[in-house]
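Take a look at the structure below.
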Amino acid sequence: QFGHQNQVVIDGVGEFGARWARFTPAPTVAGLTGLTFIYAGSGCLANQYPAELPSTDWAVVTDGGTGSGLCSFLQRVEVAEGLGASAVVIAQGSDDNPTVLSGSLDTSRPNIPAVSVGTDNAEIIKAAIGSGTTTGTVRKHPDHPGIRDGDFEAGVILHEYGHGLSNRLTGGPTVNCLGGVEQMGEGWSDYVAIAALIDPEVDD
């Protein structure tokens, strides 16, 4: 309801709504400014990058997809960071709803932010890159209130633990009879969370 959480700004071209990666640091409101943008195809291999990389801070735009012959989003960011990039922009999803980038953190956690933009917006950015030196910013959208981490929301934690009762122990250890269209298990877990958090002095 608040629009895109992040933003890619291409100087002289426009501002493009972007989403986030679950495995990288989040962009800040101040953002990374004065970045030179380059394009590197799928970004899966170092040899897809220009032979001469910018001497100043730079960001890379890569195509999306993780199917046959393509690497994961995480691998794209690892390659970019290894070459000295300050940020990664991955084309994935529609302009209205770019894909949230997921990836395993078992082996590494990149130190640079990655965001996703819709494929049509990515084509505009790539066209700008192709026409000459392109600079801009990767940042948290200045008008977005931010996303709270559910790990710190007691209602979320109680709801999820409540599924031990509302799904797994209802109907037997191998039967879940509270699913289906009505999703009663979700309602039961909400009730467990609400009941556990009632303050008798203010809740009636």
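The values are calculated or read from the model by the stated rules, or taken from the named source; none is laboratory data. All values derive from a computational prediction rather than experimental measurement. In this analysis, Cβ positions are derived from the backbone assuming ideal geometry, glycine residues included, and neighbour counts consider all displayed protein chains. Just so you know, the surface numbers come from the protein's heavy atoms only, side chains and all, with ligands and any DNA or RNA stripped out. Shrake-Rupley method; radii C 1.70, N 1.55, O 1.52, S 1.80 Å.
Mind grabbing the base-10 log of I(q)/I(0) for segment 129-173 at q = 0.18, 0.21 Å⁻¹? Debye formula, identical points on the C-alpha positions, no solvent, two decimal places. For segment 129-173, the Cα-only Debye profile gives -0.74, -0.83. Ratio of Rg to Rh for segment 66-170: 1.08 [Cα atoms; Kirkwood radius as inverse mean 1/r over pairs]. When only alpha carbons of the chain are considered, Rg and Dmax amount to 21.3, 68 Å. Here the chain is scanned for GluC sites (Glu not before Pro) in DSSP loops (not H, G, I, E, B) that have at most 11 other Cβ atoms within 10 Å, and the longest stretch holding none of them is 53-181. When the Cα atoms of segment 1-119 are aligned to their principal axes, the ranges along those axes come out at 37, 31, 23 Å in descending order. About its Cα centre, the dipole of the chain is roughly 760 debye, where the only charges are +1 on Lys and Arg Cβ and -1 on Asp and Glu Cβ.
For the chain, the fraction of 1.4 Å probe accessible surface lying on carbon and sulfur atoms is 53 percent.
Across segment 117-201, the convex hull enclosing all Cα atoms gives 200 Å³ per residue.
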